[in-house]
Amino acid sequence: MRGHPSKKNRSLKEIEGFFTKAYEDMFSNEEQLTDTLLQGIISPYVHERGKLSLFQQK
């Protein structure tokens, strides 16, 4: 998963909100997306090192 370089200045809170909304929209059965599952999915990206990994250019 790679983020668009124009979004690299987003705050960690904005990134978390983006992922939360995206995954909530993806699950047709809302009961399947528990808070624990959602946090497990997005946890690698909601800190500075994870944010950097999203926006690295390779």
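Every read-out reported here was derived from the displayed coordinates using simple, explicitly stated rules and does not represent laboratory data. Keep in mind that what you see is a predicted model, and the values were worked out from it rather than measured. With ideal geometry, Cβ positions are generated from the backbone for all residues, glycine too; neighbour counts draw on all protein chains shown.
Annotations
- Sum of -39500 (n - 2.57) over DSSP H runs of 4+, divided by residues of the chain (222 nm, nearest 500): -16000 deg cm²/dmol
- Length gained on full extension, S6 to T36, computed as 0.36 nm times the residue gap minus the Cα-Cα distance: 7.8 nm.
- Sequence-separation-based contact order of the chain, relative, with Cα cut under 8 Å and 6+ spacing, percent: 58 percent
- Options L38, T20, N9, ranked by Cα towards positive dipole end of the stretch 5-55, top entry (Cβ charges): N9
- Across the stretch 5-55 the C-alpha pair distances fall into 10 Å bins from zero in the proportions 25, 51, 21, 2 percent.
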